[in-house]
Amino acid sequence: VRNRAVTVEDYEYLATKATTAVGRACCLQPISHPEGPDEPGVPPGTVRVLLVPHISRAKTVPRPKDLRVPERVKDEVQRYLRERCLITTNVEIGEPDYVYVSVHTIIAADPRFDADLVARRVQEALTTFIHPLTGGQQGAGWPFGRTLTLADIYARVGEVKGVAFLTDARIYTSTIVNREEGLLGPEAISSTPEGVRLAAGQVLCSRQHNVRVISIADVGSEAATTRF
């Protein structure tokens, strides 16, 4: 049984065992040469553990307040880890920086399927895929620091039953501007070549996705390329 906090994986595993209120954890260790100004600085001798709370799977589009971790939970995890790590290690408990994503797509539905049903399936697929607890290729939560690209979106939407073609897609992002009130800032379109790049302590979460359905007969027409 893993009961000592030594490696990054140990800290992440034990943080989720400290209390059922934690759904997922990310451990950050000191970085000698950060890749950029957005990389979180962790002082030597310190490990920073970021907590994602356990939330109901019914909340496919969590609001910022749904992802807040109560101070009592942070204190409980910190005590649990301190009892299991080297006495010289300073353990800090925090929360990730969430980057909210809204995908706007135009799809052509297979005429054998109901268009509204296909649109709902695409929305559900995207909210599940871009989620801190259920997202990513493995369904274990969007990986911390992993870039989201248009290729990811095309692949995910293409797997949805009833989708014949995805003719256009745009990714919009926003971040929390007031943590206390849970307010999100305005959305901005992401760079198409790079996608949504994340720092080590950041993770994705869905906002509402916009899915527009056209007929296969309209593929290649102006209706299929209208910008959002």
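The values are calculated or read from the model by the stated rules, or taken from the named source; none is laboratory data. Fair warning: this is a prediction, and the values are worked out from it, not measured in the lab. Virtual Cβ from ideal backbone geometry, glycine too; neighbours counted across all protein chains shown. Just so you know, the surface numbers come from the protein's heavy atoms only, side chains and all, with ligands and any DNA or RNA stripped out. Shrake-Rupley method; radii C 1.70, N 1.55, O 1.52, S 1.80 Å.
Among the residues of segment 60-77, those identified as over 19 Å from residue 174 (Cα atoms) and surrounded by fewer than 14 Cβ atoms within 10 Å (Cβ to Cβ) are 70, 71, 72, 75.
Residue count for segment 78-98 satisfying the condition of being open to solvent by less than 60 Å² (accessible area, probe 1.4 Å) and of a type in the set (Asp, Glu): 2. Within segment 1-43, the set of residues being under 15 Å from residue 85 (Cα atoms), open to solvent by less than 90 Å² (accessible area, probe 1.4 Å), among the hydrophobic types (A, V, I, L, M, F, W, C) and modelled with pLDDT under 95 comprises 5, 8, 28.
Collect the residues in segment 99-112 that are open to solvent by less than 60 Å² (accessible area, probe 1.4 Å) and assigned to a loop (DSSP other than H, G, I, E, B), keeping them in residue-number order. Passing the criteria: only 110. Mind listing just one residue for me: the one in segment 163-202 that is β-branched (Val, Ile, Thr) and more than 18 Å from the chain's Cα centre (by Cα) and, of those, nearest to residue 106 (Cα to Cα)? Among those that are β-branched (Val, Ile, Thr) and more than 18 Å from the chain's Cα centre (by Cα), it is 167.
Is one or more of the residues making up segment 120-130 surrounded by fewer than 17 Cβ atoms within 10 Å (Cβ to Cβ), of a type in the set (A, V, I, L, M) and under 17 Å from the mean Cα position of the chain (by Cα)? For segment 120-130, residues surrounded by fewer than 17 Cβ atoms within 10 Å (Cβ to Cβ), of a type in the set (A, V, I, L, M) and under 17 Å from the mean Cα position of the chain (by Cα): absent. Of all residues in segment 154-182, those being open to solvent by less than 80 Å² (accessible area, probe 1.4 Å) and assigned to a strand (DSSP E or B) number 14.
Residue 46 falls short on exactly one of the conditions (1) among the hydroxyl-bearing types (Ser, Thr, Tyr); (2) open to solvent by less than 20 Å² (accessible area, probe 1.4 Å); (3) without any contact (Cβ under 8 Å) to a residue 40 or more places away in the chain, and that condition is (3).
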